[in-house]
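Taking it in order: structure first as structure tokens, then the write-up.
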Protein chains: 2
Amino acid sequence: MNPQTTRLGWIGTGVMGRSMCGHLLHAGYSVTVYNRTREKAAALIAAGARWADSPAEVAKQPDVVFTMVGYPTDVRSTILEKDGVLSGLASGGILVDMTSSQPSLAVEIAEAAQARGIQAIDAPVSGGDIGAREARLSIMVGGDEQTFQQLMPLWNLMGKTIQYQGKAGAGQHCKLTNQILVAGIMVSMCEALIYAHRSGLSLENMLTSVSSGAAGSWSLSNLGPRILRGDFKPGFYVEHFVKDLGIAIEECKRMSLDLPGLVICEQLYRSLQAEGDGRLGTQSLVLSLARRNQIDWPT
Amino acid sequence: MNPQTTRLGWIGTGVMGRSMCGHLLHAGYSVTVYNRTREKAAALIAAGARWADSPAEVAKQPDVVFTMVGYPTDVRSTILEKDGVLSGLASGGILVDMTSSQPSLAVEIAEAAQARGIQAIDAPVSGGDIGAREARLSIMVGGDEQTFQQLMPLWNLMGKTIQYQGKAGAGQHCKLTNQILVAGIMVSMCEALIYAHRSGLSLENMLTSVSSGAAGSWSLSNLGPRILRGDFKPGFYVEHFVKDLGIAIEECKRMSLDLPGLVICEQLYRSLQAEGDGRLGTQSLVLSLARRNQIDWPT
């Protein structure tokens with residue numbers, strides 16, 4: 001994976017993809033990019049990336065093609081359908097999907113890739129826009145282990161916690177596990193704030209008492225204070241979280257798994273999105289719970 | 001609050017109370033103790049505490065009487081009923097209930113105390129047996145603020161995070177807020193482990209990927225590894241957690257508060273207790289979820 005001889009492709013230059021692809025460019029790799037909305041790739045092109053007109057075009061030269069798009073339907077069309085990556089990538093190439101998506105789709109892609117002599121890797125991340133910018137992502141990798149090892153120089157440019165999780169789809173399963181954890185923490189944090197508010201506590205004093213003990217969490221320390229400031233800007237969009245939790249629920253059905261806590265979390269976030277707050281950050285669940293309880297939440 | 005001139009009473013010498021009372025004794029205070037089961041006070045008596053035969057007897061001499069008992073019914077009988085603390089404590093005295101109990105009961109006690117010229121303070125704690133032993137508890141205090149300040153030398157002997165929360169009952173409300181947070185974290189942690197297990201992930205590798213980011217929590221870092229070792233010994237008993245969550249649900253009803261996540265958490269922990277695991281630690285919820293999903297959880 002020498003920057004002088006390895007050619008990369010990158011598809012999907014949204015908030016996350018832009019930063020991650022930027023690190024690869026910055027390390028000296030030659031990168032060809034594509035994005036549905038071309039303007040969002042402008043900064044990367046200015047920094048030396050080459051533009052291509054379709055996923056298949058991106059895949060023409062490269063040894064490794066990355067995809068970081070929105071929803072599973074985007075993953076499918078970008079990779080599997082007409083003018084998709086697999087129709088352009090040569091045998092011996094590597095495809096890395098870093099979108100948070102369906103484990104079953106990751107398996108389907110890996111099988112279609114294998115039939116063409118291509119290794120497909122699923123490698124969703126956590127850490128958000130800040131983690132992407134600072135190259136501190138946690139990267140959860142599924143697929144062939146040797147290919148995972150081979151890509152290590154590239155992982156290291158984008159992330160801090162790099163962990164192989166198992167065969168195709170295992171990266172996606174791990175990301176869903178991460179989201180199940182986050183969902184329960186977020187719901188209980190927002191419910192706790194609503195409880196504290198209704199019972200007349202000072203939210204600041206309450207946070208002082210509970211943040212450093214058994215009730216402590218990354219969310220409470222980082223998003224709790226934002227909620228108190230009335231800051232509902234997205235670190236992570238509600239609509240993307242609803243996507244992830246929906247996939248987790250589907251996978252539970254597929255695996256005959258009954259997880260009652262997850263079900264209620266997914267429902268509460270779906271309500272929040274239905275109420276029109278899909279483009280706010282996940283901490284805005286407190287607004288939905290406040291409406292539900294006739295609380296005029298201070299913003 | 002000079003150790004030479006201040007006399008203290010302590011009722012309830014279980015795992016928590018024993019350590020907390022021990023710190024007061026160790027600092028040179030003269031302490032009279034009572035416990036339903038006398039043997040559990042033996043170590044304190046050996047360390048210099050005086051024994052009394054009832055809560056009222058404990059309260060005869062002291063300036064400040066602490067109670068740290070089990071359930072709200074114990075709080076009621078220890079403080080309000082025949083031979084209770086209030087029937088023994090002189091006007092001008094201070095009563096501090098450190099049991100996790102009902103906010104409404106704390107208000108009732110404060111009013112009954114006030115009618116006798118006594119200040120009653122509610123001061124539940126978090127931090128568990130280890131926090132009690134190491135004097136690192138978080139103490140959440142409700143009641144008269146001047147009395148709270150007056151007791152500061154004593155709080156400092158038992159805890160690290162000492163925070164006034166407001167009028168009578170506010171300490172209890174803050175503890176319930178803490179427990180609402182913990183419940184959601186524990187449920188999502190156990191569900192995430194079940195999901196990861198069923199989807200074939202290595203639980204160790206999964207924890208590596210998720211522990212330090214947005215899914216991170218005190219519980220995941222401290223109880224996650226215990227679960228993986230098959231260690232279900234109580235840091236905190238399931239039956240005490242069920243008590244606390246039951247009180248939180250009651251308070252929600254009283255305040256017309258709809259918190260769907262809390263409801264399902266309480267139900268899941270009640271199931272676990274009904275299945276016979278009330279004396280295990282709260283991390284044993286994973287066993288109940290495993291049974292529910294026909295998983296033979298490795299212990």
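The values are calculated or read from the model by the stated rules, or taken from the named source; none is laboratory data. Computed from a predicted structure; not experimentally measured. Cβ coordinates were reconstructed from backbone atoms using ideal geometry, including for glycine residues, and neighbour counts include every protein chain displayed. In case anyone asks, the SASA skips ligands and DNA or RNA and just uses the protein heavy atoms, side chains included. Shrake-Rupley method; radii C 1.70, N 1.55, O 1.52, S 1.80 Å.
Assorted remarks:
- Cα-Cα separations in the stretch A:1-64 greater than 19 Å, expressed as whole percent: 19 percent
- Treating r as the C-beta distance of A:His26 and B:Arg229 and R0 as 51 Å, the FRET efficiency rounds to 0.75.
- Between the amide H of B:Glu81 and any residue lying 5 or more places away or on another chain, no distance stays under 5 Å, with hydrogens modeled in the peptide plane.
- Chain A: most fluctuating residue of A:Asp74, A:Asp97, A:Asp244 per GNM, C-alpha cutoff 10 Å: A:Asp74
- Paired Rg and Dmax values of the stretch A:7-168, which use every Cα atom, in angstrom: 13.9, 37
- The protein assembly as shown: Cα Rg divided by the 2.2 N^0.38 Å rule of thumb: 1.12
- Structural descriptor for chain A: relative contact order 13 percent, calculated from alpha carbon pairs under 8 angstrom and at least 6 residues apart.
- In the context of the full set of protein chains, the protein assembly as shown has a per residue accessible area of 39 Å² (1.4 Å probe).
- Protein accessible area in chain A, 1.4 Å probe - carbon and sulfur %: 48 percent
- Distant-in-sequence amide contacts of A:Phe66, defined by a placed amide H-H separation under 5 Å and a gap of 5 or more residues or a different chain, comprise A:Gly9, A:Trp10, A:Ile11, A:Val96.
- Acute angle (nearest 10 degrees) that the helix A:15-26 long axis makes with the longest principal axis of chain A, alpha-carbon atoms: 40 degrees
- Candidates B:Gln102, B:Gln150, B:Gln179, ranked by Gaussian network fluctuation over chain B, Cα under 10 Å, top entry: B:Gln150
- Accessible-area loss of 40 Å² or more (1.4 Å probe, protein heavy atoms, chain alone versus all protein chains) is found in the stretch B:183-207 for B:Ile185, B:Ser188, B:Glu191, B:Ala192, B:Tyr195, B:Arg198, B:Ser199, B:Leu201, B:Asn205.
- Proximal lysines relative to A:Lys253, as straight alpha-carbon distance under 30 Å, when same-chain residues fewer than 8 apart are discounted: A:Lys167, A:Lys175, A:Lys243
- On Cα atoms only, tilt of A:170-198 relative to the major axis of chain A in degrees: 20 degrees
- Amide hydrogen proximity for B:Ser30: with H placed 1.01 Å from N in the peptide plane, the residues at 5 or more positions away or on another chain lying under 5 Å are B:Leu8.
- Distance from the alpha carbon centroid of the stretch A:1-76 to that of the stretch B:42-60 works out to 74 angstrom.
- Angle in degrees between helix B:103-114 and the longest Cα principal axis of chain B, rounded to the nearest 10: 0 degrees
- The 3J(HN,Hα) values that the Karplus relation (6.51, -1.76, 1.60; θ = phi - 60°) gives for the stretch A:4-9 are, in residue order, 6, 10, 9, 9, 10, x Hz. Gly and Pro appear as x.
- Buried between A and B is an accessible area of approximately 5000 Å², summed over both sides with a 1.4 Å probe.
- Protein-protein interface of the stretch B:247-285, residues with accessible area decrease of at least 40 Å², isolated chain reference, 1.4 Å probe: B:Met255, B:Leu257, B:Asp258, B:Leu259, B:Pro260, B:Ile264
- Calculated on the alpha-carbon coordinates, the convex hull of the stretch B:174-292 measures out at 107 cubic angstrom per residue.
- Under Karplus coefficients 6.51, -1.76 and 1.60, residue-wise ³J(HN,Hα) of the stretch A:286-299 in Hz, glycine/proline x: 4, 5, 5, 5, 5, 4, 3, 10, 6, 10, 8, 5, x, 10
- A full extension of the chain between B:Asp63 and B:Thr299 corresponds to an added length of 80.0 nm, given 0.36 nm per residue minus the alpha carbon distance.
- Average 1/r across all pairs of distinct alpha carbons in chain A, invert it, and you get the Kirkwood radius: 20.2 Å.
- Cα pair distances in the stretch B:142-238, grouped into 10 Å bins until the bin that holds the longest one, percent each: 13, 34, 24, 19, 9, 1
- Across the stretch A:239-256, coupling constants 3J(HN,Hα) worked out from phi with the 6.51/-1.76/1.60 Karplus curve, θ = phi - 60°, read 5, 6, 5, 4, 4, 4, 5, x, 5, 4, 5, 4, 5, 4, 4, 4, 9, 6 Hz, and Gly and Pro carry x.
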